[in-house]
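We did not get these values from a lab; they are worked out from the coordinates using the rules stated. Just so we're clear, the structure is a prediction, and the values are computed from it rather than from any experiment. Backbone-built Cβ (ideal geometry, glycine too); neighbour counts: all protein chains shown.
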Amino acid sequence: MYNRYEDVDSSVITALSAIRRESFPELVNAKIKPLFDLKKRVSGGLIVLARIMTPNELIKHFTADEQKGIDDGYDYIIIIDKVVWQSTGDTDRERLLRHELRHTFVDIEADNPYRLLDHDVSDFYEEMELNRDDPRWKERVASLADTIYDQMKDEAKSRGRGRKAPAHAGPTPIETYAEERAQGQEG
């Protein structure tokens with residue numbers, strides 16, 4: 001059985017914790033569940049690098065875990081494209097998480113204080129300032145992810161009309177790219 005989502009690795013947890021601590025102190029008590037999306041998601045013709053959502057009551061019920069201190073379920077769920085995460089460096093990863101967390105709003109007077117906001121003008125200016133060294137980082141990362149997904153699609157076709165390869169078929173393009181990146185051999 002194929003599952004589109006999987007739990008993130010420790011690199012996401014570490015980065016998310018640091019960004020919350022440094023830039024989003026209002027989220028100190030928010031319960032945030034990060035997940036990897038294993039499939040390319042496109043919206044409006046553009047690849048979705050990551051997204052944040054507030055879970056409905058049903059999802060909250062299914063994510064409750066008293067042993068972890070998550071009695072009422074998660075307040076936010078961040079879904080990160082796994083190809084994007086594995087193919088980018090720490091700076092772009094920080095930008096990605098920070099961008100998603102900028103959508104959050106905490107209303108301590110409300111019964112459910114955790115909400116989401118659309119972008120506003122002040123967010124735009126703050127993002128521009130924070131990313132002044134690379135203002136088009138999202139386009140660059142999206143282009144890289146698109147290229148990797150295209151390579152994966154081409155490789156799947158060459159193995160037999162889109163059928164999945166046997167488990168012993170060797171590394172995927174993203175695994176090869178991630179390994180080269182880790183060894184400093186990227187192009």
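Observations, loosely collected:
- Subset of K40/K68; K60/K153; K39/K68; K33/K138 violating a 25 Å alpha-carbon distance limit: K40/K68; K60/K153; K39/K68
- Selection of trypsin sites (Lys or Arg not before Pro), the stretch 125-157, meeting DSSP coil and at most 15 other Cβ within 10 Å: R132, R136
- Whether the stretch 1-151 is rounded, prolate or oblate, judged on the alpha carbon gyration tensor where a/c under 1.5 counts as rounded: oblate
- The magnitude of the dipole of the stretch 43-163, with charges of +1 and -1 set on the Cβ of Lys/Arg and Asp/Glu and taken from the Cα centre, is near 1020 debye.
- Counting only Cα atoms, the size of the stretch 19-76 along its three principal axes is 39, 31, 17 Å, in decreasing order.
- Within-12-Å neighbourhood charge of K60 [Cβ basis; K, R +1; D, E -1]: -3
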